[in-house]
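Undergrad: Provided herewith is a single structure, encoded as structure tokens, for subsequent inquiry.
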Amino acid sequence: MVDMAKLNPRIYAALDNHQADHQVAVMKGGGKISMQHVSILIDLGYNHSYIHPKIVESCSLVKSKHSKSWLVLLATGTKRKVSEVVEKCPLMLNDLPSQADLNVLQLGSYQILIDMDWLEVYRVNLDCYNNIIE
């Protein structure tokens, strides 16, 4: 297992409202957690998923501590500490029920950041040009 505390994982998406308009490696979409609508950014170049702390609170999700925290380097150059995770968080994306381990991290205007691992597990097909998720 990789010790995340020794690495500085990166989030290449700037996480602002217009990021998906300028970068082909990401797609924006919508979904639901606990019947609450959430904005989702799908980042094809990353292997961790994240959730905004406000969504954790508003949906009354249970979070747990990682054995070791780590820093994530954002596209802005800012580093943020990750120390908690919502394990097996129920997530509905385009009528596709799924679960994801979501690390708790302040994300800016997006509420969920989904990674490549989630896409592979659920065998999701993406049409980036037309912004279609199947």
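Each reported figure results from applying straightforward, stated rules to the coordinates on display, with no laboratory input. Because the structure is predicted, anything quoted here is derived from the model rather than measured. Using ideal geometry, Cβ is built from the backbone for each residue, glycine included, and neighbour counts are taken over all protein chains shown.
Undergrad: Mind giving me the nanometre distance, one decimal, between the label points for LYS88 and ASN130, set 7 Å out from Cα along Cα→Cβ?
TA: 3.6 nm
Undergrad: Would you order HIS48, HIS66 from fewest to most other beta-carbon atoms within 10 Å of each residue's own beta-carbon?
TA: HIS66, HIS48
Undergrad: Moving on. Starting from the Cα of ASN47, step 7 Å along the direction of its Cβ; do the same at LYS79; then give the gap between the two resulting points in nm.
TA: In this crude spin-label approximation the distance works out to 2.1 nm.
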